[in-house]
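Asks: Below is the structure I would like to discuss, written out as structure tokens.
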Amino acid sequence: MTIDATAVDSVSTRIDQSRAEWILRSALESGLLPEHASSFLVHDLERMKQRLGEFKHAFPSSTRHSLAIKANPLVEVLKVAVAEGFGLEAASIEEVELAIAAGCPHNKIVFDSPAKTVWEIEHGLRCGVILNVDNFIELSRVDEAIRRGGSKSAIGLRINPEVGSGSIAHTSVGSVGSKFGLSISDQREQIIQAYATHPWLVGIHTHVGSQGCGVKLLCEAVAKVERLRREIESEVGRPISIFNIGGGLPAAYLADDNPPTPAEYADQLRQSVPGLFQADTTMMTEFGRAIQAGCGLAFSRVETVRRLPNSRKLAVIHLGADFLLRPVYRGDDWKHEFFVFDRQGKISTEHDEPVTIAGPLCFSGDILADQLSIPSVKEHDWIAIRDCGAYTLSMWSRHCNRAIPAVLGFDQGRLSMLRPSETVADIVQLWSSGSE
């Protein structure tokens, strides 16, 4: 093959077919996969490092970036982010522990959750993780915990900017009535009073969603919360120095998608919210999808190909709603593109024809693509699913109890094992009592 396996292009581009072919053929020849592997995942670590670098370059050097664990919780992947100077954002106490396992310093772990227990709050304060308080009930628990045992944490309030939903309502969290954060309109006076009462509140946080949120919406949310922050500072007479702007920058999944680059987003923020870039402010971010999605590929062998009574061609593969939960259940909102390779891993040269790609799970809705025009597939061909680096493996479903496949890392022309495939014994142990 003529591809330069070590070459990585811009953050805004995706893994193309030639690079996918190189990765597939290398994986099949590597000896890393289990015998008779029917599917596996690959994360392009070199591409991920470049994406991390582009975010660091786009924002001021004082910015404290964190990577959202929920997008991709693989510890070996998180270690790469930590080595590149990123913190990690955790949406649960379990993700806090994943961050610690990845070697992330406690003061660079951001703990966001709308359901923190008293114990989780106390544990986080003892560890010194950054804590974003979601609501006033939680704020009272934090206050009580600090009175009992003190705190090593930087603490802020999460504010719902109420700027409306993006184009995907299920993943938008910045509209009126969202379950996340404090209302910037209805609870404004209470928010200001909270900062006046609690001198340990040194930060403020907002987030509007993941995918479907354009730069205009993101900047509008940050601008509204920035005005609130300056009002708080004026009222309480002290700085609120940490401003966590969340994540939400979209990723490309289709050929005509053209999401903003990190530099474009940062430039728009400079114009819309210049106060963010002043010396008295420490900006924080929590990007996930925009960094990870385009770094992942999923490969599945085509198990069967047949004609249905309605003359439609059906290809059944080994990844479905267990892996692509949102594309199956919310297909109008979430779509992926596919490449076809022959059984040796070479790019298919067959003519295009419509095919329905079905997953392996036992319900009729497990369809990844309906009458998609791609090179004619045959049994034992390989299908690659593009842009699977975020919100895929992390959302794995146990319906039908299929094993999680192996995950390989691709870095500078070399493959490594990031997570071995589960075995039948692993699944049995998962659902067993643990007693003999």
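The values are calculated or read from the model by the stated rules, or taken from the named source; none is laboratory data. Since this is a predicted model, take the numbers as computed values, not measurements. Please note: Cβ atoms are built from the backbone with ideal geometry, for glycine as well, and neighbour counts cover all protein chains shown.
Asks: Against the conditions (1) part of a loop (DSSP other than H, G, I, E, B); (2) charged (D, E, K, R); (3) surrounded by 15 or more Cβ atoms within 10 Å (Cβ to Cβ), where does ARG301 fall short? Just the number, please.
Replies: With respect to (1) part of a loop (DSSP other than H, G, I, E, B); (2) charged (D, E, K, R); (3) surrounded by 15 or more Cβ atoms within 10 Å (Cβ to Cβ), ARG301 is out only on (1).
Asks: While we're here: Of GLY214, GLY203, which residue is touching a Gly at 6+ places or on another chain (Cβ under 8 Å), small (Gly, Ala, Ser) and at pLDDT 90 or above?
Replies: After applying the criteria, what remains is GLY203.
Asks: If you don't mind, there's one more thing I want to ask. Please tell me if SER185 is surrounded by fewer than 18 Cβ atoms within 10 Å (Cβ to Cβ) and modelled with pLDDT under 95.
Replies: yes
Asks: In segment 108-119, which residues are out of contact with any Lys or Arg (no Cβ under 8 Å at 6 or more places or on another chain) and more than 22 Å from ILE159 (Cβ to Cβ)?
Replies: Across segment 108-119, the qualifying residues are THR117, TRP119.
Asks: Looking at segment 25-36, which of its residues are over 13 Å from MET417 (Cα atoms) and out of contact with any Phe, Trp or Tyr (no Cβ under 9 Å at 6 or more places or on another chain)?
Replies: Answer for segment 25-36, where residues must be over 13 Å from MET417 (Cα atoms) and out of contact with any Phe, Trp or Tyr (no Cβ under 9 Å at 6 or more places or on another chain): GLU29, GLU35, HIS36.
Asks: Would you mind finding the one in THR282, THR304 that is in the same structural domain as LYS335 (by TED's automatic domain parsing) and either closer than 29 Å to PRO199 by Cα or over 21 Å from the mean Cα position of the chain (by Cα) (or both)?
Replies: Residue meeting the stated conditions: THR304.
Asks: A further question follows. Report, by residue number, each residue of segment 82-129 that is of a type in the set (Val, Ile, Thr), under 25 Å from PHE59 (Cβ atoms) and within 19 Å of the chain's Cα centre (by Cα).
Replies: VAL82, VAL96, ILE109, VAL110
Asks: Right, something else. What tally of residues in segment 363-379 results from selecting those that are part of a loop (DSSP other than H, G, I, E, B) and either at pLDDT 95 or above or surrounded by 13 or more Cβ atoms within 10 Å (Cβ to Cβ) (or both)?
Replies: 5
Asks: Looking only at residues in segment 412-429 that are small (Gly, Ala, Ser) and not in a helix (DSSP H, G or I), which one is farthest from LEU319 (Cα to Cα)?
Replies: GLY413
Asks: Among (1) assigned to a loop (DSSP other than H, G, I, E, B); (2) without any contact (Cβ under 8 Å) to a residue 40 or more places away in the chain; (3) more than 28 Å from the chain's Cα centre (by Cα), there is one condition GLY331 misses while meeting the rest; what is its number?
Replies: (3)
Asks: Tell me which residues, restricted to segment 35-59, are more than 24 Å from PHE341 (Cβ to Cβ) and either among the β-branched types (Val, Ile, Thr) or out of contact with any helix residue (DSSP H, G or I) (no Cβ under 6 Å at 6 or more places or on another chain) (or both).
Replies: LYS49, GLN50, LEU52, GLY53, LYS56, HIS57
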